[in-house]
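The values are calculated or read from the model by the stated rules, or taken from the named source; none is laboratory data. Owing to the predicted nature of the structure, the values given are computational and were not obtained by experimental measurement. All Cβ positions, even for glycine, are placed from backbone atoms using ideal geometry, and neighbour counts span all protein chains on display.
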Amino acid sequence: MKIRQFALHLILLIGAFTSLAPFIWMAFASFKGFPEVVSSPRLLPLVWTLDGYREILSRVGFLMAFRNSALIAIPGTATVVLGSTATGYVLAKYQFPGKEVLFRLLLSTMMVPFTVVIIPLFITMKDLGLIDKLEGILITSLCSTFGIFLMRQTIETIPNDYIDAARIDGASELWILHQVIFPLVHSAMATLAVLTFLGQWDSYLWPSVLLKTTDHQTLPIIIASMRSLFATRYNIWSAGSMLTVIPVMVLFTLAQRYFVEGLALTGLKG
Amino acid sequence: MIKILRRPQFRFGLVVLVPILAWYILFSFRPIVLSFRMAIVDYDLLDPISSPFVGLAHFKALLFTEYQLFWTAVINSFSYALYISLGVPLALVFAYCLANITRGRNKYQWALFLPVVVSMAAIALLFRFMMTANGILNCLLKAGGLPPSRWLAGPESALPSIALVSLWKGLGGNIVILAAGLLSIPMELYDAAKVDGANGWQTFWKITLPLLSHTLKLVIILATIGALQAYTSAIILTGGGPAGATYMISQFIVEEAFANLRFGLASSVAFVLFAVILLITLMQFRLMRTKWEY
């Protein structure tokens with residue numbers, strides 16, 4: 001039994017190391033100077049320097065992109081989480097004709113690749129005057145079918161008695177959502193929040209099509225543009241990547257406790 | 001029993017559903033319909049309403065004319081999806097370990113899941129620099145006595161290299177879902193098997209795998225669908241090169257649409273991709289349907 005546990009831990013340690021090693025490499029590379037980062041395979045910098053960070057922050061509108069990404073991801077995530085929970089509640093606990101059809105109709109859009117809608121969406125944005133505007137990205141990320149699905153599946157497991165009891169006591173629907181539903185599904189909400197934030201923070205295809213001028217670009221686009229702008233300046237790449245991944249890493253670490261529970265739920269209910 | 005909605009519920013339901021539906025109509029249903037129309041008309045940018053109907057002409061053009069690039073993209077996308085699905089057994093190994101350890105599960109989960117949550121753009125940049133000719137990965141190969149790889153620069157190695165990056169990034173998600181599936185299998189079944197004298201291997205094939213099939217199916221479908229739609233990884237790692245070795249379907253669609261302005265062709269390829277995804281999902285559900293349940 002002891003030997004078996006040891007073997008399992010060993011395999012997992014190898015996996016965990018493989019997961020973390022590139023980040024460790026990146027973290028140290030971001031503190032190296034340019035000549036060193038291209039020539040030496042050493043992990044630790046010989047000379048510690050902040051040059052990479054200094055250059056990335058001063059040269060490519062990086063801070064602007066950081067702000068733009070936050071302006072999309074924070075309100076987008078809040079809307080998706082609240083909207084999905086409310087919709088999930090209605091679709092799980094209300095009885096009305098056509099409910100199943102509606103749910104299936106919404107779900108079916110999950111199968112549609114984004115490339116199917118990208119051209120009409122671009123034309124719609126043109127009609128709305130939202131080309132090259134952050135609002136154009138934000139407005140298209142206000143709903144999440146996955147979110148509605150996840151929240152409906154989760155809320156369905158809540159016994160009806162809880163809701164009925166609140167209704168008999170004269171609670172409003174908004175109060176029930178806020179005081180009964182939210183506390184019972186917070187781990188699913190946290191999962192959805194992390195996944196949505198990540199998705200919007202990381203989104204590349206749609207912003208790269210819609211946002212054209214540097215001032216309006218988001219982090220992933222700026223990051224991608226560093227390939228040619230700073231060819232082989234790997235210390236600057238690493239610094240930029242570090243600044244991009246740290247917010248999400250922090251968010252994930254804070255929410256991890258709920259997160260894994262919630263994610264497991266999505267898999268099992270599939 | 002159908003409960004009739006009382007007034008406050010009716011109002012609340014309306015307030016929630018109407019905006020959601022409006023959003024879906026505007027940003028999902030309508031674009032899907034418009035895209036379908038683009039695929040069957042000769043789309044006129046200046047006067048879209050009177051675009052002439054051409055039926056399946058775009059699809060025929062794809063199949064029978066000289067779109068070499070389209071077939072390159074199709075072959076690359078399928079090879080890539082195949083590479084990615086090879087990661088599922090690996091995820092199962094880790095999930096099995098994760099489900100069977102007695103302590104420290106959360107810490108391993110954190111580490112294994114970290115690559116999943118970070119930006120693909122940043123990861124792609126990181127690997128681009130680790131995969132250079134004298135980069136750290138080649139240094140490691142050399143230290144292990146192996147010949148260096150050309151990684152992203154070699155026409156043979158570029159696509160597997162991108163798949164490796166995506167596998168590294170995506171494995172944790174599959175592991176966590178599979179581990180949860182494993183943990184949900186009732187202990188009594190294992191106890192019963194032990195009483196009947198089954199060995200570990202038999203238990204795995206006769207109890208674990210069948211009971212996990214639902215979760216496994218989901219993981220395989222998600223991995224395949226994701227792989228067929230891959231865009232960011234290849235764009236940032238190689239831009240489709242070298243010599244089209246990593247040119248995939250999504251890149252073909254985006255370039256046809258926004259570089260060559262051939263909306264009709266781009267839309268028809270997108271619908272082909274959609275059809276393939278639907279087909280694969282249905283097939284995998286059918287192939288792996290269990291004939292019995294515990």
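Highlighted here are the helices (runs of 4 or more DSSP H) found entirely within segment A:36-149 that include at least 1 residues which are closer than 26 Å to A:LEU229 by Cα: A:51-59, A:62-93, A:134-140.
Of B:LEU159, B:LEU112, B:LEU152, B:LEU125, all but one fail to be at pLDDT 90 or above, more than 22 Å from A:LEU10 (Cα to Cα) and in contact with a Ser or Thr (Cβ under 6 Å, 6 or more places away or on another chain); the exception is B:LEU159. Can you find a residue in segment B:181-193 that is at the interface with chain A (Cβ under 10 Å from one of its Cβ atoms) and touching a His at 6+ places or on another chain (Cβ under 8 Å)? Scanning segment B:181-193, I find at least one residue that is at the interface with chain A (Cβ under 10 Å from one of its Cβ atoms) and touching a His at 6+ places or on another chain (Cβ under 8 Å), so the answer is yes.
Please give the helices (runs of 4 or more DSSP H) falling wholly within segment B:90-188 in which 2 or more residues are touching a residue at least 40 places away in the same chain (Cβ under 8 Å) and among the aliphatic types (A, V, I, L, M). Spell out the reasoning first.
Numbers: elements: B:105-117, B:120-130, B:136-143, B:158-183.
Hits in segment B:90-188: B:105-117, B:120-130, B:158-183.
Within segment B:222-249, the set of residues being β-branched (Val, Ile, Thr) and under 18 Å from the mean Cα position of the chain (by Cα) comprises B:THR224, B:ILE225, B:THR232, B:ILE235, B:ILE236, B:THR246, B:ILE249.
Working only within segment B:234-258, note down all residues that are among the small types (Gly, Ala, Ser) and at negative phi.
In the first step, residues of segment B:234-258 are kept if they are among the small types (Gly, Ala, Ser); the result is B:234, B:239-241, B:243-245, B:250, B:257.
Those that are among the small types (Gly, Ala, Ser) and at negative phi: B:ALA234, B:GLY241, B:ALA245, B:SER250, B:ALA257.
Taken residue by residue, segment A:204-225 has at least one member that is at the interface with another protein chain (Cβ under 9 Å from one of its Cβ atoms) and outside any helix (DSSP H, G or I).
Quick one: in segment A:36-56, which of the residues that are β-branched (Val, Ile, Thr) and surrounded by 15 or more Cβ atoms within 10 Å (Cβ to Cβ) is farthest from the other protein chains (Cβ to nearest Cβ)? Outline the logic, then answer.
Going residue by residue through segment A:36-56, those that are β-branched (Val, Ile, Thr) are A:37-38, A:47, A:49, A:56.
So of that shortlist, the ones also surrounded by 15 or more Cβ atoms within 10 Å (Cβ to Cβ) come out as A:37-38, A:49, A:56.
Working: A:VAL37: 8, A:VAL38: 8, A:THR49: 17, A:ILE56: 12 Å.
In this case the residue turns out to be A:THR49.
A:ALA171 meets all of the listed conditions (1) among the aliphatic types (A, V, I, L, M); (2) crowded, with 23+ Cβ neighbours inside 10 Å; (3) in a loop (DSSP other than H, G, I, E, B) but one, namely (2). Just the residues that are in a loop (DSSP other than H, G, I, E, B), over 21 Å from B:GLY226 (Cα atoms) and out of contact with any Phe, Trp or Tyr (no Cβ under 6 Å at 6 or more places or on another chain), please, taken from segment B:45-89. Those that are in a loop (DSSP other than H, G, I, E, B), over 21 Å from B:GLY226 (Cα atoms) and out of contact with any Phe, Trp or Tyr (no Cβ under 6 Å at 6 or more places or on another chain): B:LEU45, B:LEU46, B:ASP47, B:PRO52, B:VAL54, B:GLY55, B:LEU56, B:THR65, B:GLU66, B:TYR67. When segment B:273-294 is limited to residues that are surrounded by 16 or more Cβ atoms within 10 Å (Cβ to Cβ) and within 11 Å of another protein chain (Cβ to nearest Cβ), the one that is modelled with the lowest pLDDT turns out to be B:THR281. Count of segment B:189-204 residues, restricted to those that are of a type outside the set (Val, Ile, Thr), exposed (fewer than 14 other Cβ atoms within 10 Å of the Cβ) and over 16 Å from B:CYS97 (Cα atoms), is 7.
When you scan segment B:76-111, how many residues do you find that are more than 14 Å from chain A (Cβ to nearest Cβ) and exposed (fewer than 14 other Cβ atoms within 10 Å of the Cβ)? Before you say what the answer is, go through the steps one by one.
Within segment B:76-111, the first condition is being more than 14 Å from chain A (Cβ to nearest Cβ), and the residues that meet it are B:76, B:78-80, B:82-86.
Of the ones still in play, those that are also exposed (fewer than 14 other Cβ atoms within 10 Å of the Cβ) are B:82, B:86.
Here the count works out to 2.
Starting from residues that are more than 26 Å from the chain's Cα centre (by Cα) and surrounded by 18 or more Cβ atoms within 10 Å (Cβ to Cβ), keep the ones in segment A:9-35 and report whichever is nearest to the other protein chains (Cβ to nearest Cβ). It would help to see each step written out before you state the result.
First pass over segment A:9-35, keeping only residues more than 26 Å from the chain's Cα centre (by Cα): A:9-11, A:13-14, A:31-35.
So of that shortlist, the ones also surrounded by 18 or more Cβ atoms within 10 Å (Cβ to Cβ) come out as A:31-32.
Details: A:PHE31: 15, A:LYS32: 11 Å.
Per the stated criteria, the residue is A:LYS32.
In segment B:189-226, which residue that is of a type in the set (Gly, Ala, Ser) and not in a helix (DSSP H, G or I) is farthest from A:PHE146 (Cα to Cα)?
In the first step, residues of segment B:189-226 are kept if they are of a type in the set (Gly, Ala, Ser); the result is B:192-193, B:197-198, B:200, B:213, B:223, B:226.
This time we only want the ones that are not in a helix (DSSP H, G or I), so: B:197-198.
Working: B:GLY197: 43, B:ALA198: 40 Å.
Filtering segment B:189-226 for residues that are of a type in the set (Gly, Ala, Ser) and not in a helix (DSSP H, G or I), the one farthest from A:PHE146 (Cα to Cα) comes out as B:GLY197.
Taken as a whole, segment A:67-79 holds no residue that is within 14 Å of chain B (Cβ to nearest Cβ), modelled with pLDDT of 95 or more, in contact with a Gly (Cβ under 8 Å, 6 or more places away or on another chain) and surrounded by 15 or more Cβ atoms within 10 Å (Cβ to Cβ).
The single condition among (1) more than 8 Å from chain B (Cβ to nearest Cβ); (2) closer than 30 Å to B:GLY13 by Cβ that A:PHE114 does not satisfy is (1). When B:ILE20 is tested against (1) facing another protein chain (nearest Cβ under 9 Å); (2) surrounded by fewer than 17 Cβ atoms within 10 Å (Cβ to Cβ); (3) of a type outside the set (Asp, Glu), only condition (2) is not met.
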